[in-house]
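To start, the structure itself, in structure tokens.
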């Protein structure tokens, strides 16, 4: 798979469906609970009723295979990150999705994470 | 699963993964960020789109050209599972000042940044250096050498970029896994040293 380099070229064009239509006009959610790196998957005991929105259905189907980050859900579905945040937030609230609690950022935690990142990189590429 | 969207097993994270960490791969246009991420990622790199409201958006824009009140910025990212519990995401982040809104989002929770520079176009790295410094993100410099690039001494690069003595500078061939991994390792060691 090739990706043309330098994706940051900005394109300004009317969307087929503007993002706030997909979110029923909801505004962007508070970032702290659902970041790019929040890991989600389908809930073990989801409600019997399926969500009606096609985009929510897509997210649920995608998440059925295992854990993905919100960034990956956006990448796979082609939906903007802000929209995915809202959909995931809703789906989690409705009990369809399970989100791993984010690790609080603190120096002690960073120290541990850096240690693990270094060990992992060395084990894999060293 | 018959779903269209059900993907290969390799796409999903291991169930045991608890922590997701993030390192930014930053640099100016066409410096090799996407190549670097493609080299390091265990999944085909993905692209996210952030819809930004333009700073200039106002009544005139709304009235005149409704399709132009938002701007889409695309970013490529990749993933590396580093242990049973830990996954590292590498986000390619554009270095232009007009993307500050994206930077606010990207820098939150980032461990650090690898700044890719092209030794022949060092001055193009100034805006991105301003951004990492403005957001207080610790960084290392990876000099992406293309074939036929004349050797610049690290001293020249340090001077041109006005680096602190402790900021690491390494050579990096973004097409080469080993070389790219080494520059990440250098960054992580530097990040560790800052905590001591």
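Average partner chain C-beta neighbours within 10 Å, per residue of B:72-78?
6
Using a 10 Å cut-off around each Cβ, can you sort A:90, A:53 from fewest to most neighbouring Cβ atoms?
Least to most surrounded, the residues fall as A:53, A:90.
Normalised by the residues of the stretch B:14-195, what does the relative contact order come to in percent, with Cα pairs under 8 Å and at least six apart?
So the answer I get is 26 percent.
Assuming R0 = 51 Å, can you tell me the calculated FRET efficiency for the pair residue B:155 and residue A:57, based on Cβ-Cβ distance, to the nearest 0.05?
0.30
When Cβ neighbours within 10 Å are restricted to other protein chains, what is their mean count per residue of peptide A:68-79? Please report the intermediate quantities before stating the final value.
Working: counts 5, 9, 2, 10, 10, 2, 7, 11, 4, 1, 4, 3.
Neighbouring Cβ atoms belonging to other protein chains average 6 per residue here.
Would you kindly compute the Cα radius of gyration of the stretch B:14-195 and its largest Cα-Cα separation (Dmax), both in Å?
Values for the stretch B:14-195 (Cα only, Rg and Dmax): 17.4, 54 Å.
Per residue of B:110-123, how many C-beta atoms from partner chains lie within 10 Å of its own C-beta, taken as a mean? Let's see the in-between values first.
On the way: counts 1, 5, 3, 0, 0, 0, 0, 0, 0, 0, 0, 0, 0, 0.
Neighbouring Cβ atoms belonging to other protein chains average 1 per residue here.
Sorting B:12, B:89 on the 10 Å Cβ count, fewest up front, what's the list?
Details: B:12 19, B:89 22.
Lowest count first: B:12, B:89.
We did not get these values from a lab; they are worked out from the coordinates using the rules stated. Just so it is clear, the structure is predicted and the values come from calculations on it, not from any experiment. Reconstructed Cβ throughout: ideal geometry from the backbone, glycine too, with neighbour counts over all protein chains shown.
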